[in-house]
Amino acid sequence: MRNFTQITKYLGLLMVVLLMGACQEEFEIVGNEEDETLGANSTTANLIINIINTAAKDGSFDNIVDGASCFAVNFPYTVEVNGLEITIDSLEDLELIEEIFDSIEFDDDILEIIFPITITLADYSEIVVENAEQLRELAADCIEGGDDDDIECIDFVYPLTFFTFDVDDQQTGTVVVNSDEQLRQFLDNREDDELISLQYPVSLIKADGTTITVDSNAQLAMALEAAREECDEDDDDDYNDDDFTKEDLDAYLVECPWEIRDMRRDGSEQTEQYREWLMDFREDGRVKLISAAGGIQEGIWETSQTENGVLLTLDFNSANDFNLNWLVYELDYERIKFFSGNDNRIILKQRCDLGEVPTEPETLREILKECDWIIKRVFLDGEQIDRLLGWEFQFYPDGLVKLTNGIGISEGSWEIGENNAGILSLMINIGQEPGVNFEWPLRDLDEERLKFGIPETGYELILLRDCVDDPDGDALEISNILLGGGWQVANFEINNDDITESFAGMDFNFSNMRQLEISINDDPQAFGLWRVFRNADGHLKIILNLSEQGSSFEQMTHSWYIDTAYLTSDRISLVYEVENVTKILVFEKGI
């Protein structure tokens with residue numbers, strides 16, 4: 001963007017062009033052929049100025065610091081952001097400033113520049129600025145709002161080659177420019193009686209990333225002039241306006257579910273009431289409001305473009321807190337902020353990790369039938385049922401469900417429907433296993449995990465997908481390593497307390513039926529269950545379930561992280577971490 005338009009300087013260039021018919025002292029761009037020589041007309045003048053404006057220095061990228069689009073602060077420099085001093089040496093550092101501003105949603109954001117600083121103007125000249133008052137005076141001369149002269153929606157592809165000529169049209173030299181700055185300096189430093197021509201073809205990149213090629217002065221003039229209105233130059237001092245259209249918002253809303261992170265209605269904080277609630281926008285104009293417990297309320301949504309920005313209108317039958325016209329005042333990566341009059345606001349966080357929220361019974365029914373499902377955690381009435389860790393559900397189309405640990409099998413029935421609160425639920429009834437008999441309301445779903453229950457009431461069930469037809473290659477490889485013979489405990493620490501000696505002389509044998517046998521001199525001492533899997537976060541883990549074998553073995557009953565950095569064919573290191581507890585368990589062969 002141009003800081004100072006230097007009209008006087010370039011009026012001189014225009015005048016010599018317009019006086020071409022009277023004398024040979026001219027500033028002219030000619031083509032690579034004789035018929036490309038331009039006469040003295042307004043098209044010539046506009047082309048000269050448009051090339052200059054296309055090569056101008058853009059200063060809008062750091063508006064968060066200087067509040068001005070027509071100059072940029074030179075790296076490096078230091079600022080204080082909400083009391084935190086940081087050095088700005090890259091575009092990434094500028095993003096850090098916005099992250100600090102956004103870390104607290106509704107505080108007063110304060111940024112102070114540590115002077116002196118150096119700024120670069122549109123013509124690449126530099127000025128040393130000694131204080132904030134001088135900076136404000138310079139910024140006041142900027143033309144904001146997209147009404148300045150520079151052209152930002154198209155860029156030259158370098159290098160460009162120019163030929164220079166004397167007044168007798170004799171070529172005097174060749175100049176190659178490799179950047180906007182070199183192009184600007186080349187044009188600024190030409191003598192008044194020197195003619196130049198540009199070698200074609202010339203390539204340019206538009207704001208949408210497409211490349212065009214022009215073969216003449218006329219085509220170049222048309223391309224540069226057309227580019228003036230082809231994109232939003234973001235020429236304002238509002239760094240946080242996140243320019244977007246109604247169509248952009250529509251597409252963004254339907255990409256993934258959105259979690260409510262902040263809610264205020266008529267000045268009253270409602271965030272706790274709606275914590276972890278989801279909004280699921282559909283392309284047909286329907287929207288579902290899903291409570292943390294899984295309850296669903298349906299409504300409609302639409303957007304509209306206004307002079308003040310894009311409006312989102314929500315209309316639910318019974319969720320009146322949301323029924324307003326919400327103005328979007330910030331749209332960022334994975335987050336949208338809305339406000340409405342009289343102190344109303346909503347902040348939504350995109351949750352693509354949840355996948356599509358299944359709100360129809362048939363959707364969840366089909367997901368469960370696709371694969372087997374491993375129990376990662378189960379709480380029933382506040383009691384954790386450790387003995388079911390690693391057991392596997394198999395859901396059949398006829399309503400039959402099997403629960404197995406690899407050897408024993410319990411059978412029962414299952415169904416998908418709504419519980420008494422109208423929440424989509426998994427209803428399980430296995431007479432021989434009361435630990436899972438419950439109407440489990442759905443809470444969360446992604447590609448590899450299902451969460452059911454109401455944790456605040458002591459009911460929770462977490463299942464992990466286990467597809468036999470599509471096994472995880474790394475998990476399968478680690479399982480094969482474990483199957484290769486007896487293992488001994490080389491190290492077992494709990495919060496740095498070494499209890500390895502408690503397992504001296506014991507052999508741990510992992511079988512292909514997911515059974516784990518612990519023996520001393522081939523005499524079985526205990527039995528359990530094991531299973532290797534990759535969790536929803538992509539980490540490899542192993543379940544060890546020895547919950548019914550006594551206190552010493554119960555210390556091993558966990559879902560452990562596998563330290564793959566130190567994994568070999570005769571050594572495997574496991575880590576378990578929760579609040580205030582860290583366990584390290586290392587198995588080795590041949591100790």
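The values are calculated or read from the model by the stated rules, or taken from the named source; none is laboratory data. Everything numeric here is computed off the predicted structure, so don't read it as measured data. FYI the Cβ positions are ideal-geometry reconstructions off the backbone, even for glycines, and counts take in every protein chain you see. Accessible surface is based on the protein model in full, side chains and every heavy atom, while ligands, DNA and RNA are left aside. Shrake-Rupley method; radii C 1.70, N 1.55, O 1.52, S 1.80 Å.
Look at the range 393-410: where a residue is on the phi < 0 side of the Ramachandran plot and a partner is modelled with pLDDT of 90 or more and open to solvent by 80 Å² or more (accessible area, probe 1.4 Å), sitting 6+ places away or on another chain with Cβ atoms under 8 Å, you get Leu400/Glu411; Val401/Glu411; Lys402/Ile409; Lys402/Glu411; Leu403/Ile409; Leu403/Glu411. Filtered by the rule that a residue be under 14 Å from Asp570 (Cα atoms), open to solvent by 30 Å² or more (accessible area, probe 1.4 Å) and within 41 Å of the chain's Cα centre (by Cα), the range 470-490 gives Glu477, Asn480, Ile481, Leu483.
The rows are residues; the columns are (1) among the aromatic types (Phe, Trp, Tyr); (2) open to solvent by 60 Å² or more (accessible area, probe 1.4 Å); (3) under 29 Å from the mean Cα position of the chain (by Cα); (4) at pLDDT 90 or above.
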residue: Ala319; (1), (2), (3), (4): no, no, no, no
residue: Phe322; (1), (2), (3), (4): yes, no, yes, yes
residue: Asn325; (1), (2), (3), (4): no, yes, yes, yes
residue: Tyr329; (1), (2), (3), (4): yes, yes, yes, no
residue: Lys337; (1), (2), (3), (4): no, no, yes, no
residue: Thr363; (1), (2), (3), (4): no, yes, yes, no
residue: Ile375; (1), (2), (3), (4): no, no, no, yes
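Going by what's in this entry, would Tyr274 be described as over 22 Å from Phe438 (Cα atoms) and touching a residue at least 12 places away in the same chain (Cβ under 8 Å)? Yes: the conditions hold for Tyr274.
With respect to Glu433, determine if the residue is surrounded by fewer than 19 Cβ atoms within 10 Å (Cβ to Cβ) and without any contact (Cβ under 8 Å) to a residue 12 or more places away in the chain. Criteria not met by Glu433. Only one entry of Arg377, Arg443, Arg345 meets the criterion of being assigned by the TED database to the domain that holds Asn320, in a strand (DSSP E or B) and among the basic types (Lys, Arg), and that entry is Arg345.
For (1) without any contact (Cβ under 8 Å) to a residue 60 or more places away in the chain; (2) at negative phi, each residue gets a yes or a no:
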{"position": "Leu463", "(1), (2)": "no, yes"}
{"position": "Asp466", "(1), (2)": "no, yes"}
{"position": "Leu476", "(1), (2)": "yes, yes"}
{"position": "Gly484", "(1), (2)": "no, yes"}
{"position": "Val489", "(1), (2)": "no, yes"}
{"position": "Asn495", "(1), (2)": "no, no"}
{"position": "Glu501", "(1), (2)": "yes, yes"}
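When every residue of the range 312-334 is checked against the conditions, none turns out to be outside any strand (DSSP E or B), among the small types (Gly, Ala, Ser), in contact (Cβ under 8 Å) with a residue 24 or more places away in the chain and on the phi > 0 side of the Ramachandran plot. Phe244 meets each of the listed conditions (1) more than 30 Å from Asn344 (Cβ to Cβ); (2) modelled with pLDDT under 85 apart from (1).
Give the residues of the range 169-214 that are of a type in the set (Gly, Ala, Ser), touching a Ser or Thr at 6+ places or on another chain (Cβ under 7 Å) and in contact (Cβ under 8 Å) with a residue 12 or more places away in the chain, sorted by residue number. Listed by number, the list holds a single entry, Ser203.
Based on what the data block shows, is Phe553 touching a Lys or Arg at 6+ places or on another chain (Cβ under 8 Å), farther than 30 Å from Asp470 by Cβ and crowded, with 20+ Cβ neighbours inside 10 Å?
Against the criterion (touching a Lys or Arg at 6+ places or on another chain (Cβ under 8 Å), farther than 30 Å from Asp470 by Cβ and crowded, with 20+ Cβ neighbours inside 10 Å), Phe553 does not qualify.
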